[in-house]
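Reading through the structure tokens given below for one structure.
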Amino acid sequence: MHPTPSTHTTHPPEPPSCVQFSPQDPTLVTVGTYHLNATAADLPSKKTGHLCLYSVTPDGGFTLLQSHPTQAILDLKFSPHSPDTLALAHSLGQVSVWTLSERTLHLKALFTPFPEDVLVLSLTFSPARRDTLAATLSTGEVATVSLESGEVVESWAPHTLEAWTCVFTPDGRGVYSGADDSVR
């Protein structure tokens, strides 16, 4: 079976950077956006975004249910342990945690575990520890972050260029990452 491309279009407030369907409700799709305003006076105003929640209509169209202004979003993932929990990777060194309940997104926590000039490029949930994320950074670093405290548990610098993606080993004891320079 081949996937059927969507024939409908929607236009979020800024360019979309990531999209995920809700694991609990396949009619709901979350969209993270990223807008770079090069002329803005300060760093927070330069990198803005929105977290949007859409309902997919029976004919494949989109209905916007919510749009939350945030810092720029580079990645979003639903938790495999708690499918109503969504983590977002932001510019300005931030990670946010949201819950999806009754077709509504709620901000649960906003952490700033990294310096403001560092972009959190991607996130992945640990398969072994429900309170732990791995994050890749624009500095080439990879870090694990506690979802309870928002603090960095461990970090290392396996790359000299941006680390774009990472994955835990199936047992959750290791992390592999991919960057512009290598996979480690």
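Derivation of every value follows stated rules applied to the coordinates shown; laboratory data play no part. No experiment lies behind these values; they were computed from the predicted model shown. Reconstructed Cβ throughout: ideal geometry from the backbone, glycine too, with neighbour counts over all protein chains shown.
A simple packing score, the average count of other Cβ atoms within 10 Å per residue, orders the peptides 15-24, 87-96 as 87-96, 15-24, with the highest score first. Arranged from fewest to most other beta-carbon atoms within 10 Å of their beta carbon, Thr27, Thr112 become Thr27, Thr112. Along the range 133-149 the Karplus relation, 6.51 cos²θ - 1.76 cosθ + 1.60 evaluated at θ = phi - 60°, assigns HN-Hα couplings of 10, 9, 10, 9, 10, 5, 7, x, 7, 10, 9, 9, 10, 7, 6, 7, 9 Hz to successive residues, with x for each Gly and Pro.
The tail of the calculated P(r) for the range 95-184 beyond 20 Å holds 35 percent of all Cα-Cα pairs.
What the phi angles of the range 84-90 give under the Karplus curve with 6.51, -1.76 and 1.60, with θ = phi - 60°, is a coupling list of 8, 9, 10, 10, 10, 9, 10 Hz, glycine and proline written as x. Normalised by the number of residues in the chain, the average gap of Cα pairs under 8 Å and 6 or more apart makes the relative contact order 12 percent.
When the Cα positions of Ala89, Gly60, Cys18 are compared along the charge dipole of the range 16-179, Gly60 comes out farthest toward the positive end, with charges on each C-beta of Lys, Arg, Asp and Glu. The local environment of Leu64, defined by Cβ-Cβ distances under 14 Å, has a net charge of 0 under the rule Lys, Arg +1 and Asp, Glu -1.
FRET efficiency for the pair Thr160 and Thr63, taken as 1/(1 + (r/R0)^6) with r the Cβ-Cβ distance and R0 = 35 Å, rounds to 0.20.
Along the range 58-72 the Karplus relation, 6.51 cos²θ - 1.76 cosθ + 1.60 evaluated at θ = phi - 60°, assigns HN-Hα couplings of x, 8, x, x, 10, 10, 6, 9, 8, 9, 10, x, 8, 6, 3 Hz to successive residues, with x for each Gly and Pro. Amide hydrogen proximity for Leu137: with H placed 1.01 Å from N in the peptide plane, the residues at 5 or more positions away or on another chain lying under 5 Å are Leu121, Ala163. When each of the peptides 45-55, 157-167 is scored by how many other beta carbons lie within 10 Å of its residues on average, the order from highest to lowest is 45-55, 157-167. Here the range 16-179 is treated with +1 on each Lys and Arg Cβ and -1 on each Asp and Glu Cβ, and its dipole about the Cα centre works out to around 140 debye.
Recomputing Cα extents along the principal axes in Å from the coordinates shown identifies the correct label among (1) 43, 34, 28; (2) 46, 45, 33; (3) 48, 38, 28 as (2). Put in line by how crowded their Cβ is, counting other Cβ atoms within 10 Å and starting with the fewest, Asp75, Asp59, Asp117, Asp131 read Asp59, Asp117, Asp131, Asp75. The calculated FRET efficiency for Gln24 paired with Arg129, based on their beta-carbon distance and R0 = 22 Å, is about 0.55. A simple count of charges around Glu162, restricted to other residues whose Cβ falls under 12 Å of its Cβ and scoring Lys, Arg +1 and Asp, Glu -1, yields -3.
Helix-only arithmetic for the chain: the sum of -39500 (n - 2.57) across DSSP H runs with n ≥ 4, divided by the residue total, places the mean residue ellipticity at 222 nm at -500 deg cm²/dmol.
The alpha-carbon positions of the range 36-111 define a convex hull whose volume is 111 Å³ per residue.
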